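Single-structure report; data block below.
The numbers here are math on the coordinates, done by the rules we state, and not lab data. For clarity, every value in this text was computed on a predicted model and none was experimentally measured. Cβ placement follows ideal geometry from the backbone for every residue including glycine, while neighbour counts extend to all protein chains displayed.
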Amino acid sequence: MKGWQIIQRYESVPDLPVLAAIDVLVVGGGPAGVAAAQVAATQGKQTYLIEKYGFCGGAAVAGLSGTICGMYKATDDTQAAPEQVVYGFTEKFRQALVLRNGVTAPQQYGKTFTVTHDPLVWREVADDMLTEAGVNILYHTAVIAVIMDGDKFQGVVIESNAGQSIILAKIIIDASGDAAVVARAGLDTYFGDEGRIQNPTMFFRIAGVDMDKYLAYYGMDTICPPKVTENIQKANAELGWELPRHKIWIFPTTRPNELMVNATRLAGQDGRMLNVIDPVDFTEAEVFGRRQVRAYAKFLNEFVPGCEEAYVVDTGVEVGIRQTRSIKGIETLTNDDVVSCRKRSDGICRTPWPIELHSGDKPKLHWLIDDYYDIPFGTLIPQVGENIIVAGRCLSAEHEALASARVTAQCFELGHAAAVAAVLAINTQRKIRDLDVAVIRATMITNGSAL
Ligand SMILES: Cc1cc2nc3c(=O)[nH]c(=O)nc-3n(C[C@H](O)[C@H](O)[C@H](O)COP(=O)(O)OP(=O)(O)OC[C@H]3O[C@@H](n4cnc5c(N)ncnc54)[C@H](O)[C@@H]3O)c2cc1C
């Protein structure tokens, strides 16, 4: 990337105040980081969570991605009830949302199901779970550098407007989504398919919907019916509108008369793919994302019955980022592992979610019918580097495989697995790469995971 340098490493502890010397440091408070921090602290480890925003949730909340995908199998049986195959931390979090009326019942999404959550309740559940577990949360704080001893991570430098400080940790869990810790050490990472990554989306919510009228027209499937696609194409062809994505998804939320809309598709104004890790592209995505939200809201007002009086309530705090850096792990989840539904003895998370690839004018969906695959533990371990493990969407995965494995249910469970491994490594004084995956799986099963 032109104009930016990511590597920022100290080879010994720099002359800065040490805020804490702890067991487990979790960087990033998205689904993976929340799970990792809660599990590590619950297992008795002194744990810090560092998050650059003032709340947890990452792409699920700041990006308003808004649903927990990846819990249920897909099927061709149109009468089938949802069959859940992912539990563990994912189910624990879902149940905590249920208790606060913060999540819907399963909603149809093509051949499978998802649930839509309330982003405010999501933040509150995360706050309460983390504080109850004894996690030290630092919001509005970012990791800006790593402290190394050869290949071993010793800690990080954090920064806020209070200044800079150091946290030393026995194990670091990089749950930043962007592999922000791994990349700062200069370890190998890559972007998608030879630099080609999925496009970002600006989510938005509309209120003031006549739900009966809307559902009578749109139907219960959250993926739009062909008539909506045809109307988008008609608006473009006959009215000169510019709606770049023709297949859109709309989710009724937990609030009355409100819908969450996944419709925009953001490319650079010169047609280039946007890599939102670059602030130039990120800024363009934000500006044009907000404009596109207004264009799709106008489309809903004029073409979708029940939405005539609807108005935009909010957009994501930031444009939703599906993909940036992936680590080069000791194992890589391959596209073939996904389409062949490969099961593994070293699997730490089931995934029934389709390959949901966002590029071009229609997202591509490749369904895994009545089946799932396992994500192997080694996808969380960088090829080089000790005392470090990643969790969440920066796992080592091929481009299309990541388009399946990156969703929220899986990120929760990957965080769960990373924390169990971190605790085991500390307790046994072994390297993460040398741990017995059977023990990690057994602990996860005791914690409620289905493996
Ligand atoms: C447009 C879009 C639509 C999606 N739709 C769905 C959907 O419908 N259902 C679903 O289940 N999933 C969906 N996803 C996927 C899902 O939301 C994300 O993949 C998931 O949130 C990733 O979780 P994560 O914890 O790995 O990372 P993230 O959610 O990206 O969280 C990483 C966190 O780390 C923080 N961070 C980063 N760098 C630093 C740093 N240096 N210092 C401190 N903090 C840092 C960030 O602020 C962020 O909070 C969607 C994603 C997008 C973008």
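With contacts taken as Cα pairs under 8 Å and at least 6 residues apart, the chain reaches a relative contact order of 23 percent. For the chain, a Kirkwood hydrodynamic radius built from all Cα pairs, placed in the Stokes-Einstein relation at 4 °C and 1.567 mPa s, yields a translational diffusion coefficient of 59 µm²/s.
Looking at the chain, the DSSP beta bridges with both ends there are about 65 percent antiparallel. Here is the result for the stretch 381-438: no GluC sites (Glu not before Pro) lie in DSSP coil with at most 16 other C-beta atoms within 10 angstrom of their C-beta.
The 3J(HN,Hα) values that the Karplus relation (6.51, -1.76, 1.60; θ = phi - 60°) gives for the stretch 225-240 are, in residue order, x, x, 5, 5, 4, 4, 5, 5, 5, 5, 4, 5, 6, 9, 10, x Hz. Gly and Pro appear as x.
Going by the alpha-carbon gyration tensor, a ≥ b ≥ c the square roots of its eigenvalues, is the stretch 17-64 rounded (a/c under 1.5) or, if a/c is not under 1.5, prolate (a/b greater than b/c) versus oblate? Could you put the intermediate results ahead of the total?
Values: a/c = 3.73, a/b = 1.54, b/c = 2.43.
Oblate shape, in that a/c is at least 1.5 and b/c is the bigger or equal ratio.
In whole percents, the pair-distance distribution calculated for the stretch 253-345 from its alpha-carbon pairs, binned every 10 Å from zero, is 13, 31, 24, 23, 8, 0.
In this structure, the pairs whose alpha-carbon distance is over 20 Å, taken from Lys247/Lys364; Lys298/Lys364; Lys213/Lys364; Lys73/Lys227; Lys170/Lys431; Lys170/Lys328, are Lys298/Lys364; Lys213/Lys364; Lys73/Lys227; Lys170/Lys328. The ellipsoid equivalent to the alpha-carbon distribution of the stretch 204-315 has semi-axes of 25, 16, 12 angstrom, derived from the gyration tensor eigenvalues as √(5λ) and listed largest first. The residue among Pro354, Val384, Gly320 whose Cα reaches farthest toward the positive pole of the charge dipole of the stretch 308-393, with charges on the beta-carbon of Lys, Arg, Asp and Glu, is Val384. Taken one residue at a time, the phi angles of the stretch 9-22 give Karplus couplings (6.51, -1.76, 1.60, θ = phi - 60°) of 10, 9, 8, 8, 5, x, 7, 9, x, 9, 6, 7, 10, 10 Hz. Gly and Pro are set to x. Taking the longest Cα principal axis of the chain as reference, the axis of helix 408-428 is set at about 10 degrees.
Just order 175-181, 445-451, 39-45, 205-211 by mean Cβ neighbour count inside 10 Å, highest at the front, would you?
175-181, 39-45, 205-211, 445-451
Normalising the average separation of contacting C-alpha pairs (under 8 angstrom, six or more residues apart) by the number of residues puts the relative contact order of the stretch 204-315 at 40 percent. The alpha-carbon atoms of the stretch 30-147 define a convex hull whose volume equals 118 cubic angstrom per residue.
Working ranking of peptides 259-271, 331-343 by packing, defined as the average number of other Cβ atoms within 10 Å per residue, highest first, is 259-271, 331-343. The long axis of helix 279-303 is offset from the longest Cα principal axis of the chain by roughly 30 degrees. Residues of the stretch 394-414 falling in the label zone of Glu132, defined by backbone nitrogen less than 19 Å from a point 7 Å along Cα to beta-carbon, are 412-413.
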